[in-house]
Structures are given as C-alpha cells and as structure tokens.
C-alpha cells in the first residue's frame, strides 16, 4: 500500500477537480475501498507560463519543494494537475524518488490517432512544446490557436477560472471551440487543468474534448489499482 | 505562513467537498492568493460509527497516524471533515502539535440560538453526544431522529453517498426533512459530512440547513486569513 501524491494548488480549483475525478474513477462501495492520497496545495508557486515566456520568477525551486514534501510523506507516485508545470518534468522527475505521471502523455493517448487536434493550453505550455512533441510521437496532426485572437480567449478563460468565474470562462471557451470547428479540428485537447472547469459551461459543437485532468486521474487510478493500493 | 492540514478520506467525496468549499470561501483573484493546504486522505480508517457502537475495530490508531503525518508536514492547523471522528477529539488534540478545529462547535455556532434544531448524524456520533453537548451549551433545544424510522433514512443517505449515489441519497434526506418539519424543527444540522452532498438533491421544505462541512471550511479560512497564511 502506498499514497498517490498530488502536487496541487496550480490552481486550487483544478486540484479539487482532479481529486473529484480521482474519487469518481475509483471503484468503491465504501470509504475503505478508496485510494490513499496526499495532496500538497502550494498556491504560492510563481506563475509557470510567465516564467517560460521569460517574464516571471522561476517556479522550479517551489515545485521541487513540493516534490520533496510529497517524497517525505513516502508517496509511491506523483501527479501534478497543472499542465504548464510539465515544462520542468525532467528536472522534477530527477528530484523525485516516486515516479511522476506526465499529464500530456495521459491526455494525448486518448486523442483518436490521426484526427486533427487543437491544443488549448497556456502560452507557456505551447511555447514549451511538450503537447506538440507528444502529438507528433502519436502521429497525429495538430493546430494551436492563433496568438492574437483565439489564444486571447484561452488566456481569458484560464484567468476567469482562477478568479472563480466559471460561467464567463465557459463563454470564452465556447468561442474558441466554434472557431476550431470551422478550421476543421475534430478534437480539442483541454490541455490546461482550468479548462475542464470552463467546459462545463460551454457547448462543444461536435468536437471531441480531451480533459487532461480526467486523463491524469484515470492514469493515477490505474497505476494504483494495478499495485493494490486500494487493499489494506 | 503555514499549511492547513486536512485529515480526510472519511469519506473521500466529503473531503473533496470540504476542499471545494475552502477554495470557494477564500478571497482570491489568482492562484497566489489562495491558502496552502496539506490533505491526507486515509480511506482505510476503520468505520468510526461502528466502533463507537461497540461493533467494530478501534479507528483511533489510524486517526493518530494521520495526525502524526500532518504534524510531520508542519501544518499550523488541523481540520477533520468527518464529524464522527470527533468522538476522539480530546485524544487527537492531545496527540497533535497543531490545534484541531471542532466541526460540531463550528456548525452549532451557526444555529439560530433558541430555535429547535434536529441533529442529523451517524448513529455513532449521536451515541457519542458531542453535538448534543454543544447545542446544550448554546442554549438551544434539539431533537434527534427516531432510531427505527428517520435514522434508518439518515443511515441509508450516508451509505448511498459513500457508494457514489447522490440522487437517491437526496431522496432519503428529503424524507427526513419533511418529517422534521412536521415535528416542528426550524433548523436541521447536516452533522455528517456526507449529508451536504445529498442536500444538493433534496428540497429543504423551509428548514434552515447547517452544513457542517461548509462551517468547518469557514472556520479554517478565518483562522488562516487572521494569521496571514495567504501572504507570501
């Protein structure tokens, strides 16, 4: 038996969403069937996207502190329900005794192979390129939003979720999805953990949506069940 | 700056509900405004209600293990979003360096003083009597559900939430609330952290509902903000 370690707080609502999905995906009839989890929410980690774009403080020391805290609690697996943080995936993995699941790998593995996908993520994550690399390895064509138009809506959507306004965030996301559909996308990757919280308030216009939070939770549950962490 | 420590997993959905309420109650415009939290979800703690009724394994060693884990993470406050566990409040407080908020105190302080209140909780919590003691100290008359009828519905409601069935749980709760209203109750204390998850699916029939999860979250946020834990 071991704990799933969650490095959370980026943002806090996305961490709650991850935990809700983890609980919902665990086959359970009573408390005792569930998986042991340690969550550290570290809201004070400097903005990840700004740092990648060269406009903010380096979040790596704070992220490593969180990883160290989880490893001190003896977790057997680490998940980070914040896509942009995966820019530092290699450094964080090197600093962690417990393996770290990769959110973009989890999400991309659910994209229908070969069907054009639109990547919705922070500007930092898109500049980092880890979603693009995973999709290329998955042999699937992709687009990213136009920076002066669609990406502005994605930025607004993320900001609105982080400030507790999911309904206007949903309206922003819906405008992006309409444009994506017009451009021929079949699938949109909600590649920032704030976006699934907005998607609840958006019509999806026949697009397949890949929820990176849900896919990370699915991988974590599979990993833990395979190892019997739900058994005393 | 310090962490709010959450001893969770009892049940897991109630812990997620607590975290969602903590995030919603925190005044914040961005990630960095939020409060640092460590959550340990320990689903394998033996059934608290059964133990109080002399029908199950003692959960105190597992609860103390969770308290120790949180204290090792250097939390400044502990909350336990599981009412029944408060039967062992004194023992857990004695074992914790960080103070522990009392969920029944948090909930009872929101009951209109002097207005008849119905306590909805597990059979174990009712047998322990901590809600009754808090209400007596608050000079407020109270009732508890009839054991062969209303309490059966409360038990079913809690069990259904723990097995992921909130809608039928809501129907059970609503039947209890209708009976409570007929008996002259003005307020019902949702004194088990599963019950607010059912209340979403129940008509409240003009009763004031006191959500013990929400009140515990409110006290935790107040405690942390007073101490500036939201500031870097």
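The values are calculated or read from the model by the stated rules, or taken from the named source; none is laboratory data. These numbers were taken from a predicted model, which means no experiment stands behind them. Neighbour counts are summed over all protein chains in view; Cβ atoms, including those assigned to glycine, are modelled from backbone coordinates with ideal geometry.
Entry remark, the range A:66-91: residues being closer than 20 Å to residue B:37 by Cβ, free of Cβ contacts under 8 Å to residues at least 60 places away in the same chain and under 20 Å from the mean Cα position of the chain (by Cα) number 1 in total. Among the residues of the range A:82-109, count how many are closer than 23 Å to residue A:140 by Cβ and surrounded by 17 or more Cβ atoms within 10 Å (Cβ to Cβ). Total satisfying the criteria: 13.
If you go through the range B:48-61 and keep only what is without any contact (Cβ under 8 Å) to a residue 60 or more places away in the chain and either touching a strand residue (DSSP E or B) at 6+ places or on another chain (Cβ under 9 Å) or closer than 16 Å to residue B:81 by Cβ (or both), you end up with just B:59.
When the test is whether a residue is more than 14 Å from every other protein chain (Cβ to nearest Cβ), assigned to a loop (DSSP other than H, G, I, E, B), within 24 Å of residue A:207 (Cβ to Cβ) and touching a helix residue (DSSP H, G or I) at 6+ places or on another chain (Cβ under 7 Å), residue A:110 passes it. Taking the listed residues A:168, A:141, A:145, A:99, the one that is without any contact (Cβ under 8 Å) to a residue 40 or more places away in the chain and either in the same structural domain as residue A:55 (by TED's automatic domain parsing) or under 30 Å from residue A:73 (Cα atoms) (or both) is A:99, with no other qualifying.
Residues in the range B:202-211 that are on the phi < 0 side of the Ramachandran plot and surrounded by fewer than 17 Cβ atoms within 10 Å (Cβ to Cβ): B:203, B:204, B:208. Which one is nearest to the chain's Cα centre (by Cα) among residues in the range A:113-138 that are in a loop (DSSP other than H, G, I, E, B) and in contact (Cβ under 8 Å) with a residue 40 or more places away in the chain? If we take residues in the range A:113-138 being in a loop (DSSP other than H, G, I, E, B) and in contact (Cβ under 8 Å) with a residue 40 or more places away in the chain, then A:121 is nearest to the chain's Cα centre (by Cα).
I'd like the full set of residues that are surrounded by fewer than 17 Cβ atoms within 10 Å (Cβ to Cβ) and in a loop (DSSP other than H, G, I, E, B), limited to the range B:221-232.
So in the range B:221-232, the residues surrounded by fewer than 17 Cβ atoms within 10 Å (Cβ to Cβ) come out as B:222, B:225-228, B:231-232.
Residues satisfying the conditions are B:227, B:228, B:231, B:232.
Scanning the range B:113-138 for residues that are surrounded by 14 or more Cβ atoms within 10 Å (Cβ to Cβ), farther than 28 Å from residue B:67 by Cα and out of contact with any helix residue (DSSP H, G or I) (no Cβ under 7 Å at 6 or more places or on another chain) gives a single hit, B:116. When A:177, A:214, A:190 are checked against the criterion of being buried (at least 20 other Cβ atoms within 10 Å of the Cβ) and closer than 25 Å to residue A:50 by Cβ, A:190 stands alone in meeting it. Pairing each residue of the range B:1-14 that is at the interface with chain A (Cβ under 7 Å from one of its Cβ atoms) with any residue that is assigned to a strand (DSSP E or B) and modelled with pLDDT under 95, provided the two are 6+ apart or on different chains, yields C-beta distances under 7 Å for B:9/B:41; B:12/B:41.
Out of all the residues in the range A:139-164, which are more than 19 Å from the chain's Cα centre (by Cα) and surrounded by 17 or more Cβ atoms within 10 Å (Cβ to Cβ)?
Narrowing the range A:139-164 to residues more than 19 Å from the chain's Cα centre (by Cα): A:139-141, A:146-150, A:152.
Result: A:140, A:150.
Residue A:18 falls short on exactly one of the conditions (1) under 25 Å from residue A:229 (Cα atoms); (2) facing chain B (nearest Cβ under 9 Å), and that condition is (2). The residue that is nearest to residue B:1 (Cα to Cα), among those in the range B:82-94 that are within 12 Å of chain A (Cβ to nearest Cβ) and in contact with a helix residue (DSSP H, G or I) (Cβ under 6 Å, 6 or more places away or on another chain), is B:85.
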